[in-house]
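Data first, discussion second: the structure below is written as structure tokens.
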Amino acid sequence: CLPANQERFANGKLVTVQFHPSAQVVMTAGHDRSVSLFQVKNFSLNPKIQSIYLESFPIYKARFSVDGEQVIATGTHHSMFFVYDMMAGNIIPIPKVRGVEERFLRNFELSPDGSFMLLIGTSGYLHLLSMKTKELISTMKVNGRCTASAFTPDSSKIYSYSKEGEVFIWDVRSRKCLHKFEDEGSLEGKCIAISKNNQYVACGSSSGVVNLYTTDVCLKENHPKPVKAIMNLVTSATCVTFNPTTEILAVASRDTDEAVKLV
């Protein structure tokens, strides 16, 4: 296939590539301060639909909302974020979330049911926002620093992975910590994913090892044994993700070329 963004290559590092949840559209976003949308055609050229430019706002992460009507983008050095309303064609700045005292807002997750946005703050703080109003609902805190979080497929729980290698499991409704466990052999937690059928949890660490656990063990034990330790990466694991049918796990490292493995 041709490159997805053949019609408009970015002038800087790409940080996000994501397919639209329901349309044949792919989004790219990155350090050149722009979000671009392309129509996905089989093997022919993918025509550019549009590019949105965010002045002095190199993008750290961008995501489609679950209904596919919005794009949310955070910057590399900003405490604000942008919402692009695709239906109205408006770019809405969210300058400050009341109750959230963070110098930078970079990493975030959206709940699969479309209700929540989780901002991963510094010093272990996790800020749960209403997706509808973008207002703060509650703040949770892990010990140490949180590096990655993931919602369960039913949006009822959040798994937060700390830099110290601990995983905290939160109940979304009560915002209470239900359980925590240590990721075996982890020197520094980097990324986490939960499979669509809620059967597995994958934790990737700075050593490049990705541990695969069953969720029932994670909820019960403090030192669970991984079903499998995936040792294929030699540099830090920066991305883990399951395919929709939970048959394949992709593990990747952005620290070296061609470090993508499908398990």
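Points worth noting:
- Matching residues in region 67-98 - criterion: being hydroxyl-bearing (Ser, Thr, Tyr) and either touching a strand residue (DSSP E or B) at 6+ places or on another chain (Cβ under 7 Å) or at pLDDT 95 or above (or both): THR74, THR76, TYR84
- Looking across region 226-241, the residues that are open to solvent by 90 Å² or more (accessible area, probe 1.4 Å) and out of contact with any strand residue (DSSP E or B) (no Cβ under 8 Å at 6 or more places or on another chain) come down to MET231, VAL234.
- Given (1) assigned to a loop (DSSP other than H, G, I, E, B); (2) open to solvent by less than 10 Å² (accessible area, probe 1.4 Å), number of the condition PRO112 does not satisfy: (2)
- Taking region 1-44 as the region of interest, the strands (runs of 3 or more DSSP E) fully inside it that hold 3 or more residues being in contact with a strand residue (DSSP E or B) (Cβ under 8 Å, 6 or more places away or on another chain) and open to solvent by 50 Å² or more (accessible area, probe 1.4 Å) are 14-19.
- Restricting the first member to region 219-231 and to residues that are in contact (Cβ under 8 Å) with a residue 40 or more places away in the chain, and the second to residues that are outside any loop (DSSP other than H, G, I, E, B) and of a type in the set (Asp, Glu), the beta-carbon pairs closer than 9 Å and six or more apart or on different chains are ASN222/GLU182; HIS223/GLU182; PRO224/GLU182.
- Candidate set: region 45-67, residues that are outside any strand (DSSP E or B) and hydroxyl-bearing (Ser, Thr, Tyr); chosen: the one surrounded by the most Cβ atoms within 10 Å (Cβ to Cβ): SER65
- Reported count of residues in region 68-103, each being of a type outside the set (Ser, Thr, Tyr), surrounded by 15 or more Cβ atoms within 10 Å (Cβ to Cβ) and within 17 Å of LEU136 (Cα to Cα), is 8.
- Restricting the first member to region 127-140 and to residues that are farther than 11 Å from VAL83 by Cβ, and the second to residues that are among the polar types (S, T, N, Q) and open to solvent by 10 Å² or more (accessible area, probe 1.4 Å), the beta-carbon pairs closer than 9 Å and six or more apart or on different chains are HIS127/SER138; HIS127/THR139; LEU128/SER138; LEU128/THR139; SER130/SER115; LYS132/SER115; LEU136/SER130; ILE137/SER130.
The values are calculated or read from the model by the stated rules, or taken from the named source; none is laboratory data. Predicted model, so just to flag it, every value in this text is computed and none were measured. Every residue, glycine among them, receives a Cβ derived from its backbone with ideal geometry; neighbour counts consider all protein chains shown. All accessible areas refer to the heavy atoms of the entire protein, side chains included, with ligands and DNA or RNA removed. Shrake-Rupley method; radii C 1.70, N 1.55, O 1.52, S 1.80 Å.
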